[in-house]
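FYI, it's all coordinate maths here, none of it is from the lab. These numbers were taken from a predicted model, which means no experiment stands behind them. Methodologically, a virtual Cβ is constructed for each residue, glycine included, from the backbone with ideal geometry; neighbour enumeration extends over all protein chains shown.
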Amino acid sequence: DGGITQSPKYLFRKEGQNVTLSCEQNLNHDAMYWYRQDPGQGLRLIYYSQIVNDFQKGDIAEGYSVSREKKESFPLTVTSAQKNPTAFYLCASREQPATGELFFGEGSRLTVL
Amino acid sequence: EDQVTQSPEALRLQEGESSSLNCSYTVSGLRGLFWYRQDPGKGPEFLFTLYSAGEEKEKERLKATLTKKESFLHITAPKPEDSATYLCAVQPNAGNNRKLIWGLGTSLAVNP
């Protein structure tokens, strides 16, 4: 079945550590997205990529980094520069950058200890 | 400024008690409006896309409608399994149209 796989589902990090969240899709979608979800704040866009080897900052990119070396993969690194990294992270994709619905993964919950 | 507002924030219904959720939007041209369902600890699940005023779409007990200023998600005779948070998102037709604008969601609880 086609879909988006995020891993790990739960992740614990000590302050000062970088962590990388994985996102893989087998939908052959061009565009991929990373969102952060916090209670009462809705979905906020971190980074998005419209095509391989290209990505753009979203609304809250500070403290995060991404890469898009393969069409199916869009990993997100939460760096030690991110001041409040504890959150639920969602990866999504869609067929074209500007049209159609987003398909989401199951999410990764990051907790900073 | 482009904006999406969902109401109510939370809704509690008895099984079989029909109701509607609202998504009001202010955008400089609408490219599409999306409804999603999200269960706790899971990613949002796509429900509907609406593109133009007057459009309606249905799926089981859910029906989504669209006007020039708002969308409604009507839930007919809901069941406990319909309990979830329902999210609305809008894609503007102008500017950086690759970014969706999200509402905060309506948390729906259906009691048996």
With 10 angstrom as the radius, rank B:36, A:48, B:51 by how many other C-beta atoms surround their C-beta, starting from the fewest.
B:51, B:36, A:48
By DSSP, what percent of the beta bridges with both residues in the protein assembly as shown are antiparallel, rounded to the nearest 5?
90
Percent of alpha-carbon pairs separated by more than 17 Å within region A:18-92
38
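Just to verify a number: FRET efficiency for residue B:76 and residue A:26, C-beta to C-beta distance, R0 = 41 Å, to 0.05?
Step by step, r from the Cβ atoms, then E = 0.70.
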Comparing A:40, A:63, A:100 in a Gaussian network model of chain A (Cα, 10 Å), the one with the largest mean-square fluctuation is A:40
For the protein assembly as shown, alpha-carbon Rg relative to the globular expectation (2.2 N^0.38 Å, N residues)
1.02
Between residue B:24 and residue A:84, what is the FRET efficiency for a Förster distance of 22 Å, r being their Cβ-Cβ separation, to the nearest 0.05?
0.15
Please arrange B:60, B:1 by counting, for each residue, the other beta carbons lying within 10 Å of its beta carbon, fewest first.
B:1, B:60
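If you add up the charges near residue B:38, with Lys and Arg at +1 and Asp and Glu at -1, over every other residue whose beta carbon is less than 12 angstrom from its beta carbon, what do you get? Provide the component values of the computation, followed by the final result.
Values: positive: B:37, B:42; negative: A:106, B:39, B:45.
Charge balance near residue B:38 sits at -1.
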Distance from a point 7 Å along Cα→Cβ of residue A:62 to each backbone N in region A:74-104: keep the residues under 15 Å and list them by number.
A:79-85
Once the convex hull of the alpha carbons of chain B is built, what does its volume come to per residue, in cubic angstrom?
90
Over chain B, calculate the relative contact order: mean separation of alpha carbon pairs under 8 Å at least 6 apart, over the residue count, as a percent.
37
Among DSSP beta bridges whose residues both lie in chain B, state the antiparallel percentage, nearest 5.
90
